[in-house]
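Have a look at the structure below before the remarks.
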Amino acid sequence: GEVIASQGWKTEVSVHSLLGRWASIVGDTVAQHSAPESFAAGIVTVRTDSTAWASQLRLMTPQLLAKLNEALGDGTIKRITIKGPDAPSWKHGIRSVSDGRGPRDTYG
């Protein structure tokens, strides 16, 4: 504990331990479809498994922000960024073009 305090890591450790309990904060249903990805400079990034869940969590952002700041201390989390699933790569497959701009070159 003394090392953490002396290095100024107390907030970082608190946030990461709290994010480890994501399901208890947001509930089991939401936790099945989302997970905290990172924390930097007061911004928590959350990744969802679908765009529908990303939209839903964006609507819930004020409540999530309030819950996180209640547990960590007011102002610890400044913003929550919600991201949907990663887009598929167009760089592989039978319709990819090695020297072109990608899938646009194979249409019409």
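The values are calculated or read from the model by the stated rules, or taken from the named source; none is laboratory data. Being a predicted model, the structure only gives us computed values, none of them experimental. Cβ placement follows ideal geometry from the backbone for every residue including glycine, while neighbour counts extend to all protein chains displayed. Accessible surface is based on the protein model in full, side chains and every heavy atom, while ligands, DNA and RNA are left aside. Shrake-Rupley method; radii C 1.70, N 1.55, O 1.52, S 1.80 Å.
Summary of values
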| item | result |
| --- | --- |
| Meets criteria (modelled with pLDDT of 80 or more and in a loop (DSSP other than H, G, I, E, B)) for Ile82 | no |
| Residues (touching a helix residue (DSSP H, G or I) at 6+ places or on another chain (Cβ under 8 Å) and either open to solvent by less than 50 Å² (accessible area, probe 1.4 Å) or part of a helix (DSSP H, G or I) (or both)) located in the range 36-55 | Pro36, Phe39, Val44, Val46, Thr48, Ser50, Trp53 |
| Lys10 vs. criteria more than 12 Å from the chain's Cα centre (by Cα), open to solvent by 30 Å² or more (accessible area, probe 1.4 Å) and modelled with pLDDT of 80 or more | no |
